[in-house]
Amino acid sequence: METVLAILTGAMVAGSVFLMLSKNLVRFIFGLVLASNAVNLLIFAAGRLETSRPPLIPQDATHVAVAVANSLPQALILTAIVIGFALLAFIFILFFRTYQTLGTVDTEAMTDAEPFASEDSTKGRRP
Amino acid sequence: MNSGLAAPIIIPFTTAAIMLLGRRRPNFQHISSMLAAVLHLATGAWLLYTVHHSGIQVLHVASWSAPFGIALVADHLSSLMVVITGIVYTAVSVYSRADVTPDHQQRGYYPLLHILVGGISGAFLTGDLFNMYVWFEVMLMASFALLVQGKTRAQLDGGVKYVVINLISTLLFLTGLGLVYGMTGTLNMAHLHIKLRMIGDPGLVAAVAVLFLTAFGIKSGLFPLFFWLPASYHTPPVATSAIFAGLLTKVGVYALIRMFTLIFPFEGNGLRELVLVAAAATMIIGVLGAATRYHVRRILSFHIISQVGYMILGLGLFTPLALAGAVFYMLHHIIVKSNLFLISGLIQRHGGSFELSRVGGLYRSHGWIALLFFIPAFSLAGFPPLSGFWAKMILIRASLEVGQFVLAAVAAVVGLLTVYSMVKIWSEAFWKPRPEGISERAGCVPPMNAWMLAPIMAMAAITVLIGLLPGPLYHMARAAADELLEPGAYVYTVIGNM
C-alpha cells in the first residue's frame, strides 16, 4: 500500500513541478494545489498505513497491546490542509487582483517592481 | 512549569485581537500597539535574564510531556532573538504613527503587524518541528497581507513573486518534516537530536537535510534562492519594509542554525562545504547587486542578502567563535538594517524620493538625517568602533583560525564593497546639490516628526552602544554558541533522561 502511495505522490510531484515551471500564473496555481496535496499524502504514508484498528484504548489501560492506526499524521495533515486552504484562498485573490491591475498572468511581463536595467539606469543616472 | 515563556507569543496575538475592535480609532490602535510592543520587549528581557542566570527554560504546553506534546524552549539564542524582535517591534510600532496612512490603518495594518510578530516569536521559541511550520505559516500569512496592502502595481508584482517562492519553500519544509517523521516517529527537536543519530543510513539523513537547507535557504535569502527578496522588499510602506528587512530573513537564518546544530549532523556529509560556498556566493552576489542600484530601498534590500551570507558563514565554519560571530552578527544586523529602512523613510519624506537621482542636498538642509544615516550605514559597512566592525572582526578571525583564508578575504572585500554602496547613498542623497528641476517643494516641506525620529535615534544609540561596549553582547552570543555546539543541556532540559 505504501508503494502505491509513494508512486502516486511521485507522479503528483512530477506533474506539479511541470505546471509550476510555467510562466502562466494560472498553471502555477494548479501546480501548487497538486504539490500541496502530494505533500499531504507523503506525510500520511510516512506515518505508516495500518488498516486494522482505530487508535482507541480501553479506559484503564496505559498503552495499546496490538497494532493500531497512527493518528498523529492525520492531525498533521489536517493542520496542513487548513493552512494550505487559507493560503490558496489568499493566493487566488492575489493573482486575480494582480491580473486585474497589471492586465496579465504572464510572469515575464510583470516588471513593475523591478524595471528593466535600461530603465533603471536612465532613472538612476546623475542628472 | 514556566508559563511566562509563552508571553512573547500571547501578547502580540491578544493585542491583534483587541486591535480588530478599534478599527476606527487610529490613536487607540497606535498607543496600545506601543504598549504591547514594550511589554513584549520587557518579557523578552526577563526571559533572557532568566535563561542567563538559571539555564535553559522549557514549557510543556498543556502539560503534555516532551516528545508527545509541544514544548516551548528558550535557550540563549532563542531569548536573544526574542529580545531583538521586541526592540524592532517597539521601534516600528512607534514609527508607524507617522508612516502608516489612514487607508492602511483602516485595512488592518496594526492587527497584521502584531500577528507577524507573534508568528516570529513563536518560531524562535518553539521546540517542535511541526509547530515551527505552523509559526512560519502564521508569519507568512501576515507578511503576505502586509506586503500587498497598498495594492499598487509594484506591490502586486513584488507580492506575487514573494508569495510564490515562499509557498514553494513552505512545501519543501513540509516535505522534509514528513520524511523526518517517517524516519524517526517524532517531531520534537530535542528528541530528533537523539533519534536521527540512530538512523543507519547517513545518505538518507543528508538528503532530508538538504530539503531543509533549501527551504530555509529560500526564507533567509541564500544564493541562489534569494530573487524574491529584492523583487518585493522595496514596495510596501517603510514601517512594513523595516520589520521585514530586520526580522523575516533572520527567522530563516535562525532556523538554519537550529537545524544544523541541534537536529542534523553537519559534519561528514558534504553539507558544511555546500553551506560555506553558498555563504561566500551570497555575500558577493548581494553586494554586487547593491552596487548596481540607484534606489535607496533596493540598495538596502540587496545588502540584506550579502549580510545573510556573513551569518551563514559563521554557521558553516562551525567553531564556537564562528557561531558566536554569527549570533552577534545577526543581532547587530537586525538593529542596523531595520534602522536603515526607517531612515530611508526620512530621506523620502524630506528629500522627496527613494530614487537617488531625484534627491540631494539633504546634508545642507537636514544635517540631522545625515548624522542618523551615518551611524547605521557605516556600522553596516564595518567601520570601527561601530557594532558592525566587531561582528565582522569576529567572523574574519574565526575563518582565519580554521585556515579558511579565502573566506576571510571574501568577508573583508565584501565589507569594502558595502562601503561603496553606503558612500553612494551618502554622496547622492546628502552631499550632492539638490538636482535641477526638482524644486524645494515650496510650502509643503514637512516638519521633523518626533514619531519617526525617536525610534531611529534609539536604534542608532543601541548601535553606538554595542560598538563601544561589545563585551556583554559578545558574552551572550558566546554562551548561545556554546549551547548550540553542546546540545546535551538542551536535550536534557526538554526530555530528561531517555
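Here are the numbers for the structure shown:
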read-out: Cβ-Cβ under 7 Å pairs, at least 6 apart or on other chains, the range A:78-100 side more than 10 Å from chain B (Cβ to nearest Cβ), far side in a helix (DSSP H, G or I); value: A:Ile81/A:Asn40; A:Phe92/A:Ile29
read-out: Top-ranked residue of the range A:1-27 - restricted to ones that are touching a residue at least 24 places away in the same chain (Cβ under 8 Å) and among the hydrophobic types (A, V, I, L, M, F, W, C), ranked as nearest to the other protein chains (Cβ to nearest Cβ); value: A:Leu25
read-out: Residue match in the range B:215-225 (condition: modelled with pLDDT under 90, within 14 Å of another protein chain (Cβ to nearest Cβ) and either crowded, with 23+ Cβ neighbours inside 10 Å or part of a helix (DSSP H, G or I) (or both)); value: no
read-out: Residues of the range B:1-50 satisfying the condition of being modelled with pLDDT of 90 or more, buried (at least 24 other Cβ atoms within 10 Å of the Cβ) and hydrophobic (A, V, I, L, M, F, W, C); value: B:Ile9, B:Ile11, B:Ala36, B:Ala37, B:Leu47
read-out: Failed condition for B:Val359, given (1) under 27 Å from the mean Cα position of the chain (by Cα); (2) in contact (Cβ under 8 Å) with a residue 24 or more places away in the chain; value: (1)
read-out: Residue that is farthest from B:Phe389 (Cα to Cα) [pool: residues in the range B:301-334 that are hydroxyl-bearing (Ser, Thr, Tyr) and crowded, with 24+ Cβ neighbours inside 10 Å]; value: B:Ser301
read-out: Members of the range A:28-52 found to be more than 7 Å from chain B (Cβ to nearest Cβ) and over 28 Å from B:Thr186 (Cα atoms), listed by number; value: A:Ile29, A:Phe30, A:Gly31
read-out: Single unsatisfied condition, B:Leu125 versus (1) touching a Lys or Arg at 6+ places or on another chain (Cβ under 8 Å); (2) away from chain A (no Cβ under 12 Å); value: (1)
read-out: Residues satisfying the stated conditions in the range B:255-299, i.e. under 18 Å from B:Ala377 (Cα atoms), out of contact with any Leu (no Cβ under 6 Å at 6 or more places or on another chain) and either within 14 Å of chain A (Cβ to nearest Cβ) or without any contact (Cβ under 8 Å) to a residue 12 or more places away in the chain (or both); value: B:Leu288, B:Gly289, B:Ala290, B:Ala291, B:Thr292, B:Arg293, B:His295, B:Val296, B:Arg297, B:Arg298, B:Ile299
read-out: For B:Phe130: the one exception among (1) over 30 Å from B:His52 (Cβ atoms); (2) at the interface with chain A (Cβ under 9 Å from one of its Cβ atoms); (3) in contact (Cβ under 8 Å) with a residue 24 or more places away in the chain; value: (1)
read-out: Condition met for B:Asp75 (touching an Asp or Glu at 6+ places or on another chain (Cβ under 7 Å) and not small (Gly, Ala, Ser)); value: yes
read-out: Criterion (touching a Phe, Trp or Tyr at 6+ places or on another chain (Cβ under 9 Å), outside any helix (DSSP H, G or I) and at pLDDT below 90) met by exactly one of B:Pro433, B:Pro384; value: B:Pro384
read-out: Tabulated pairs, the range B:164-175, first facing chain A (nearest Cβ under 10 Å), second surrounded by fewer than 22 Cβ atoms within 10 Å (Cβ to Cβ), C-beta under 6 angstrom, 6+ apart or interchain; value: B:Leu172/B:Leu211; B:Leu172/B:Thr214; B:Thr175/B:Leu211
read-out: Among residues of the range B:335-361, those that are under 23 Å from B:Ser96 (Cα atoms) and crowded, with 22+ Cβ neighbours inside 10 Å, counted; value: 14
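Condition check ((1) of a type in the set (A, V, I, L, M); (2) surrounded by 13 or more Cβ atoms within 10 Å (Cβ to Cβ); (3) farther than 29 Å from B:Gln149 by Cβ) across all residues:
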| residue | (1), (2), (3) |
| --- | --- |
| A:Asp60 | no, no, yes |
| A:Val66 | yes, no, yes |
| A:Ser71 | no, no, yes |
| A:Ile91 | yes, yes, no |
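The values are calculated or read from the model by the stated rules, or taken from the named source; none is laboratory data. These numbers were taken from a predicted model, which means no experiment stands behind them. Positions of Cβ are backbone-derived with ideal geometry, glycine not excepted, and every protein chain shown enters the neighbour counts.
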